[in-house]
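Novice: Structure in structure tokens, see below.
The values are calculated or read from the model by the stated rules, or taken from the named source; none is laboratory data. These numbers were taken from a predicted model, which means no experiment stands behind them. We place every Cβ from the backbone using ideal geometry, glycine too, and count neighbours over all the protein chains shown.
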Amino acid sequence: MYSSHHERGTFARYQQFSSHYVLPRTIDVWLPPGYEHTDWRFPVLYMHDGQNLFDPALSYSGIDWGVDEAIIWLSRAGRMPETIVVGIWNTPRRRREYMPQAPFAAIDRAGHARHQGHQEGPPISDAYLRFI
């Protein structure tokens, strides 16, 4: 586990976080500034594509989503509570994990073949949801 503390909050990174349901992946947890010094209960926001949330060097586009900055600004402005963020990194199975299984089950065989040709297999989003 990697961890850092600074005025923008605390980051913890869990590499190769394993599950019975999906491939191992990296999980980032961001705690808002001051979290360590209180006994308050904080809401938790789970976000997908976690590698894009906080660090431009890790983001596929070279620009992070600024989630920590946005939460700090919004909470200081009284527009949202301080919130813990759990960033779940994607894997090569991203599309299969994010594609809802129920609609896929409702399409015909030709639709299945078209989808699987692009996705390397059927959706596995029910397993991904169990993981979360």
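Novice: Looking at (1) out of contact with any helix residue (DSSP H, G or I) (no Cβ under 6 Å at 6 or more places or on another chain); (2) at positive phi, which one does Gly9 not meet, given that it meets all the others?
Specialist: Of everything listed in (1) out of contact with any helix residue (DSSP H, G or I) (no Cβ under 6 Å at 6 or more places or on another chain); (2) at positive phi, Gly9 misses just condition (1).
Novice: Another question about this same structure. For the range 49-71, check the following and say yes or no: at least one residue is acidic (Asp, Glu) and in a helix (DSSP H, G or I).
Specialist: Checked against the condition, which is being acidic (Asp, Glu) and in a helix (DSSP H, G or I), the range 49-71 yields at least one hit.
The rows are residues; the columns are (1) exposed (fewer than 11 other Cβ atoms within 10 Å of the Cβ); (2) among the basic types (Lys, Arg); (3) under 23 Å from Arg130 (Cβ atoms); (4) at pLDDT 95 or above.
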position	(1), (2), (3), (4)
Tyr2	yes, no, no, no
His6	yes, no, no, no
Gln15	no, no, yes, yes
Asp39	yes, no, no, no
Leu53	no, no, yes, yes
Arg79	yes, yes, no, yes
Val85	no, no, yes, yes
Trp89	no, no, yes, yes
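Novice: Another one. What pairs come up if the first residue lies in the range 30-51 and is within 30 Å of Arg96 (Cα to Cα) and free of Cβ contacts under 8 Å to residues at least 24 places away in the same chain, the second is surrounded by 15 or more Cβ atoms within 10 Å (Cβ to Cβ) and of a type in the set (S, T, N, Q), and their beta carbons are under 7 Å apart, counting only those six or more places apart or on different chains?
Specialist: none
Novice: Would you be able to say whether some residue in the range 96-116 is in a loop (DSSP other than H, G, I, E, B), of a type in the set (Val, Ile, Thr), farther than 21 Å from Pro43 by Cβ and at pLDDT 85 or above?
Specialist: No, every residue in the range 96-116 fails to be in a loop (DSSP other than H, G, I, E, B), of a type in the set (Val, Ile, Thr), farther than 21 Å from Pro43 by Cβ and at pLDDT 85 or above.
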